Each structure stands twice: as C-alpha cells, then as structure tokens.
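The values are calculated or read from the model by the stated rules, or taken from the named source; none is laboratory data. Only a predicted model underlies this, so the values are computations on that prediction, with no experimental measurement involved. Because the Cβ atoms are built from the backbone with ideal geometry, glycine has one as well, and the counts that use them run over all protein chains shown. Just so you know, the surface numbers come from the protein's heavy atoms only, side chains and all, with ligands and any DNA or RNA stripped out. Shrake-Rupley method; radii C 1.70, N 1.55, O 1.52, S 1.80 Å.
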Amino acid sequence: MHGKRILLGITGGIAAYKIAFLVRILKKKGAEVKCIMTPASSDFISPLVLATLSENPVGIEFWDKKTGVWTNHVEYGLWADLFVVAPLTANSIAKMATGSCDNLLLASYFSMKCPTLIAPAMDLDMYAHPSTKRNLEQLQKDGVGIIPAESGELASGLVGEGRMAEPETIASAIENFFANHTTSITQSLIGKKVLVTAGPTYEAIDPVRFIGNHSSGKMGFAIVEELLAQGAQVELVCGPTKLSLNHPNLKFTSIKTAEEMLHSVQGKWAKMDVGIFSAAVADYRPKHSAIQKIKKTEDDLTIELVKNPDILAWAGSNKTEQQLLVGFALETNDVFVNAKSKLERKNLDLIIMNTLEDRGAGFAGDTNKISILDNHNKFTSFELKSKSEVAKDIVEYLINYRK
Ligand code: C5P
C-alpha cells in the first residue's frame, strides 16, 4: 500500500482507542494517512495522538471557531484512495444509510470519490438490532465494504458479537482491497479465514519414485483466487504443483505427502471459519519407503501399501458449530449416492461433485462441470465452465449458504 492515501474516519465508540495502532500499521506499510473524527470520538481518543501518528492535522469541525478556517470535506473526498470508517457506531451507520450529514465525517462520506470500507463496533444487542441490520444492508447495497464485527468481550462486560475487528484485520482488508485493484468493494468474505487444500500428494516408493496422481491444483488455485477477491484470508496447503500465487492475504504451505498435509491442516483448522478440501490425496502409501533407489531385478516387485489418513474426515470430526466444511467427490459411477454418503460420513456442509464421465471435467484441464449437494439435501447442477467460473459458483454458494 506504498503511497496509497487512506482517509480514516473515527466515530464515538470505545474501540476508537485501537485506531492509534491501525494508523501505525498503515504508516509502517508506507501509506499516507489522514484522520477525520466525529466530535464524540474525541472523548475516546485524543486528536493529538492521531495527528502525531498520522503526521497530518486531524479534521473534526467544519470550521475553526477562533480562526474561521474552513475544513473542506470535498477536498477529503478528492484526496483519498480509500475511506475507512472504524470504529463505526450504530448512530453513524444510521446517518450514513439515510443521508444525514451533520458533521464533517459524514459530509466527507457523501463527498467520497473512492470506495468506503467500514468496521462497525457496538454492544451485542445494538449490533443484532433489526434497525442496525437494515442500515448495514443498505450500506452494502450502496457499495460500502463491511469488515464484520467480531465476537468476544465487549466494553459493557457482556460477551457477544459487536467487537470491532482488530486493527490487523482491518489493515489486511485494506491491503487486500489495494491488491485486488477493486473499484467496488462489496467483498463478502472480509475477515473470514479459509483453509484450502489443493494438488496431489506424492507418496515415496524410494528417493526417485512415488505414487501420485494427475491433479494439477488448478481447481484449488482458482478457488483461492476467488476467495481472495472476496476479501478472505486464505491458508493454502498444497501438494506438488507448477502453479504459484502471491497475495498479502495468502499463506502458502507446500507439502509432499498426505501425512504432511494432515499435520499442516491439524495445526490450522481450529482457527478457520471455512475449509475447502480440493486436494487429490493419495489413498495409500508404500508401507516402507526405501532409502536407496530400488534396483531392478529379474523378479517381479510387490509394494505393500498402507492406508493414508483421511484429512477431510479428520476436519469433519473436529468441526465446530460455526465452521463450514466443503469436500470434493470425484466419482466414476453412482456419483450422487457416493457423494451423499461421503457428505454424511465426513460431516460436511457441502460436497462438490465432478465426474470423469462429463467431457471437459477432470484433473489437468481448464474446465470443470460440477454439482453441489448440501446438508439440507439441496442439489444444484452447473454447466461446463472454466475453472475460474466454477470457483466463482462455489464461493458464491458458500457465501449464501446458511447452516
Ligand atoms: O473419500 P474420497 O477420497 O473420495 O474424498 C474426497 C474428498 O476428501 C476430497 O475433498 C479430498 O480432498 C478429501 N480427502 C482428504 N484426505 C484423504 C482423501 C480425501 O482430505 N486422504
């Protein structure tokens, strides 16, 4: 975000004290930062702190009563590449949603030429109130990006949803916005952590030979790209592949074997909101992997295979109420029956079916034809499409899916 101009709007909630940390993070990443505050927010954090950290004057009033100097909200609108309002109170949400502009921050919002991103923060009952929900929906319709409030301890002493997203989460949503060069910011997965497995696994027979499969990782990578475009923070655990992807919100772990994939997934799953397991994991591995290359002899060679762990089934049996788990089923016969039993056996929310019987569907190609079966027994079939279009269908389904 080097050189990017970020206008930070602060409204009057206790989480305002955390904005000092956000300003530091953004400045360290090379952004130019200006702050504007509602008068009420200066009870929660001193404008001097924000002016010092941002190295810019802070705007609060339309004009200075002593000098008569006018602060031009239109200029803020022209200056910023992104407007971020954090924390955003129920009061200011209502005003933004209905067009009220009785302070500098609100007048600036209505003058913005750039997209706006908001991080609501309030007590749990206020956050859950139909009025707040309605106003947030209106803002989303207006094209505002929402960094959802998190669950946790609230200033009132209650515990629930309403805590402002942490400064690091807000910073990564901002980084993601600039990385995607988005002009509209309706990203539905901001603040969500998604674990994706992709590619094949290679199970060593000896130092030069392995049991593997034709998986290219293309489907998994396409899903990762779509998740990132929707603002998610993604952990990709991937077997050997020619593909690569760099993104500030992507952490990439490269593994070779199913056991390595399992260990990596076990270390990450508890922190995730969603898991999408698209890897083509080898079901079996050689019982013994020879340390030296196995020499050719006159005799036949028998390799004893042992079962690999089922990584998806492990995640399913360690899934919380809040987590969503998506598996894939590549079947050659009785596709529906097998997929349904897999959905139940592995405790999944969605299963994506593809079959090698469909022309164009499969491993290394650029197209795929899928059907989705969900936990409510809803079955949806899609046309043959490019893998990136298929990824959009999958991610959209997930966004709209309610447990
Ligand atoms: O049981 P089956 O291998 O057909 O299930 C396929 C699904 O399970 C895919 O989502 C795949 O990524 C996942 N899987 C796994 N670990 C295995 C085998 C499959 O995570 N050992």
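Points to keep in mind about this one:
- Taking each residue of segment 373-390 that is farther than 17 Å from residue 217 by Cα and looking for partners that are acidic (Asp, Glu) with beta-carbon atoms closer than 7 Å, six or more apart or interchain, yields 374/349; 375/349; 382/393; 384/358.
- Residue within segment 322-337 that is within 25 Å of the chain's Cα centre (by Cα), over 26 Å from residue 216 (Cα atoms) and more than 8 Å from the ligand (Cβ to nearest atom) present: yes
- Residue within segment 156-175 that is among the hydrophobic types (A, V, I, L, M, F, W, C), closer than 28 Å to residue 25 by Cα and more than 22 Å from the chain's Cα centre (by Cα) present: yes
- Where strands (runs of 3 or more DSSP E) fall wholly inside segment 173-265, the ranges with 1 or more residues that are polar (S, T, N, Q) and in contact (Cβ under 8 Å) with a residue 12 or more places away in the chain are 193-198, 233-238, 250-254.
- Residues of segment 256-271 that are in contact with a helix residue (DSSP H, G or I) (Cβ under 9 Å, 6 or more places away or on another chain) and aliphatic (A, V, I, L, M): 258, 261, 262, 265.
- Residue in segment 139-158 that is in a loop (DSSP other than H, G, I, E, B), more than 20 Å from residue 33 (Cα to Cα) and either outside the structural domain of residue 17 (by TED's automatic domain parsing) or modelled with pLDDT of 95 or more (or both) present: no
- Restricting attention to segment 184-211, the residues that are at pLDDT 95 or above and either away from the ligand (no atom under 16 Å from the Cβ) or touching a strand residue (DSSP E or B) at 6+ places or on another chain (Cβ under 6 Å) (or both) add up to 17.
- Residue list for segment 289-341, restricted to those being open to solvent by 70 Å² or more (accessible area, probe 1.4 Å), within 18 Å of residue 376 (Cα to Cα) and not in a loop (DSSP other than H, G, I, E, B): 336, 337
- Taking the criterion of being open to solvent by less than 60 Å² (accessible area, probe 1.4 Å) and modelled with pLDDT of 85 or more, the residues of segment 161-176 that qualify are 162, 164, 165, 166, 167, 169, 170, 171, 172, 173, 174, 175.
- Any hit, segment 30-37, residues being open to solvent by less than 10 Å² (accessible area, probe 1.4 Å), over 30 Å from residue 125 (Cβ atoms) and touching a residue at least 12 places away in the same chain (Cβ under 8 Å): yes
- Taking (1) buried (at least 22 other Cβ atoms within 10 Å of the Cβ); (2) within 11 Å of the ligand (Cβ to nearest atom) in turn, residue 231 satisfies each apart from (2).
- Residues in segment 132-155 that are open to solvent by 40 Å² or more (accessible area, probe 1.4 Å) and more than 18 Å from the chain's Cα centre (by Cα): 133, 134, 137, 138, 141, 142, 153, 155.
- Take the conditions (1) at pLDDT below 95; (2) small (Gly, Ala, Ser); (3) in contact with a Cys (Cβ under 9 Å, 6 or more places away or on another chain); residue 68 misses just one of them, which is (3).
- Any chance residue 306 is among the aliphatic types (A, V, I, L, M), more than 29 Å from the chain's Cα centre (by Cα) and modelled with pLDDT of 95 or more: yes
- All of 51, 86, 80 fail the test of being under 26 Å from residue 154 (Cα atoms) and open to solvent by less than 40 Å² (accessible area, probe 1.4 Å), apart from 86.
- Scanning segment 212-224 for residues that are away from the ligand (no atom under 12 Å from the Cβ) and surrounded by fewer than 20 Cβ atoms within 10 Å (Cβ to Cβ) gives 212, 214.
- Apart from one condition, residue 269 fits all of (1) open to solvent by 10 Å² or more (accessible area, probe 1.4 Å); (2) within 15 Å of the ligand (Cβ to nearest atom); the exception is (1).
- Residue 277 meets all of the listed conditions (1) away from the ligand (no atom under 16 Å from the Cβ); (2) in contact (Cβ under 8 Å) with a residue 60 or more places away in the chain; (3) surrounded by 12 or more Cβ atoms within 10 Å (Cβ to Cβ) but one, namely (1).
- Residue list for segment 283-304, restricted to those being within 13 Å of the ligand (Cβ to nearest atom) and in contact (Cβ under 8 Å) with a residue 60 or more places away in the chain: 284, 285
- Filter result (open to solvent by 90 Å² or more (accessible area, probe 1.4 Å) and touching a Leu at 6+ places or on another chain (Cβ under 8 Å)) within segment 238-251: 251
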